[in-house]
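The values are calculated or read from the model by the stated rules, or taken from the named source; none is laboratory data. Given the structure is predicted, the values throughout are model-derived calculations rather than measurements. Ideal geometry is used to build each Cβ from the backbone, glycine not excepted, and the neighbour counts take in all protein chains shown.
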Amino acid sequence: MKKITFGTPEKIVPSNYCQGFHYEETEVAFDISKFQFKTTQRGCLLEFPIAYEEQIFGFGLQLKGFNHKNHKLALRANSDPVAYSGDSHAPVPFFVTNKGYGIYFDTARYIEVCCGYGKNKDRIPVEDNSIIATAEDLYRKNGLKETTIMSVEIPVAKGVDIYIIEGDSITDIVAQYNMLSGGGCEVPEWGLGVMYRCYAKNTGDQVMAMADYFRDNDIPCDIIGLEPGWQSSSYSCSYLWDPERFPNYREVVEYLKKKDYHINLWEHAFVNATSPLYKKLHDLSGDYEVWKVNHPGLWHEAGKGYFCGAS
């Protein structure tokens, strides 16, 4: 693993706020001379080559794509990503490849990455009048079977620290990144198991029947999740059990425990006026409502607004 500094990195970066951030420098085989860095009016730009066979994975939780080669991603926090654009519940400026390395970009900015494009090529004219009807056909027709360029643009910033991590496998590289970022917490086995989330309109009796179905048919399931309908109000949330769907909620909870299930209750940070938390959070919430309710993810201090990113 090796840290490389380009330009003048910002002071507010994840590593400065990560308890247990653990960096131990070693020599790497990656050719550092291939990096091209410059500052622009928008911020800064880092470019480096990626091989034709190289595959790009990572950048956090990406629900719309897996191998990002030849794709452009804007890493932005978004509770409802609808396209393969980089929007994500949990974007992370880290990627790994099948070529024995990964790179972490130590920035809190919404970066833009282009995972492979041609740059200043002298193309030989090739006649091809095939009709393009889909995006997939277009990429197949114009796919670049050659070394291409990966670009990482960081708005506003005039520099960045990057960490090159090398390993024998993708798993090894990701494990090193995990240790770099503090090592994470110890996860119980059931937390890595199967979770089934029941339909939003299910009643307590229907939830218990579903729990029986899994056990009676030897279907592995460690966690039973309840959609927002477990609450008397959701979108926004009351955090109170619904008396119609779950008049027997204590019985349901105890039944699931006896069947060796853990329980997951869906919730979010929009607090309905019917909630006992509403008035307590009122003075801690921001000036603007979401769906006519308080949002404790927004709060003010000394006249300055801060956003904690709750979704």
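Computed quantities for the displayed model
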quantity	calculated
Among (1) part of a helix (DSSP H, G or I); (2) assigned by TED's automatic domain parsing to the domain that holds residue 245; (3) surrounded by fewer than 12 Cβ atoms within 10 Å (Cβ to Cβ) - the single one residue 205 does not satisfy	(3)
Matching residues in segment 24-51 - criterion: being in contact (Cβ under 8 Å) with a residue 40 or more places away in the chain, surrounded by 13 or more Cβ atoms within 10 Å (Cβ to Cβ), in contact with a strand residue (DSSP E or B) (Cβ under 8 Å, 6 or more places away or on another chain) and in a loop (DSSP other than H, G, I, E, B)	28, 30
Meets criteria (in contact (Cβ under 8 Å) with a residue 60 or more places away in the chain, in the same structural domain as residue 138 (by TED's automatic domain parsing), out of contact with any helix residue (DSSP H, G or I) (no Cβ under 6 Å at 6 or more places or on another chain) and surrounded by 14 or more Cβ atoms within 10 Å (Cβ to Cβ)) for residue 21	no
Residue under evaluation residue 234, criteria (1) closer than 30 Å to residue 289 by Cβ; (2) touching a strand residue (DSSP E or B) at 6+ places or on another chain (Cβ under 6 Å), criterion not met	(2)
Long-range neighbours under 6 Å by Cβ, at least six apart or interchain, first residue basic (Lys, Arg) within segment 108-126, second surrounded by 10 or more Cβ atoms within 10 Å (Cβ to Cβ)	109/154; 109/155; 109/157; 119/149
Residue in segment 73-132 that is surrounded by the most Cβ atoms within 10 Å (Cβ to Cβ), counting only those that are within 30 Å of residue 22 (Cβ to Cβ) and among the hydroxyl-bearing types (Ser, Thr, Tyr)	107
Among (1) within 21 Å of residue 49 (Cα to Cα); (2) β-branched (Val, Ile, Thr); (3) within 25 Å of the chain's Cα centre (by Cα), the one test that residue 194 misses	(1)
Members of segment 233-281 found to be under 24 Å from residue 222 (Cα atoms), polar (S, T, N, Q) and not in a strand (DSSP E or B), listed by number	248
Residues that are charged (D, E, K, R) and either surrounded by 13 or more Cβ atoms within 10 Å (Cβ to Cβ) or modelled with pLDDT under 90 (or both), drawn from segment 259-278	259, 267
Residue in segment 170-183 that is in contact with an Asp or Glu (Cβ under 9 Å, 6 or more places away or on another chain), assigned to a loop (DSSP other than H, G, I, E, B), closer than 20 Å to residue 111 by Cα and of a type in the set (Gly, Ala, Ser) present	no
Candidate set from segment 87-118 (those that are at pLDDT below 95 and in a loop (DSSP other than H, G, I, E, B)); member that is nearest to residue 42 (Cα to Cα)	118
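Residues checked against (1) surrounded by 14 or more Cβ atoms within 10 Å (Cβ to Cβ); (2) of a type in the set (Asp, Glu); (3) farther than 18 Å from residue 5 by Cβ:
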position: 145; (1), (2), (3): no, no, yes
position: 157; (1), (2), (3): yes, no, no
position: 160; (1), (2), (3): yes, no, no
position: 165; (1), (2), (3): yes, no, no
position: 172; (1), (2), (3): yes, yes, yes
position: 183; (1), (2), (3): no, no, yes
position: 188; (1), (2), (3): no, no, yes
position: 193; (1), (2), (3): no, no, yes
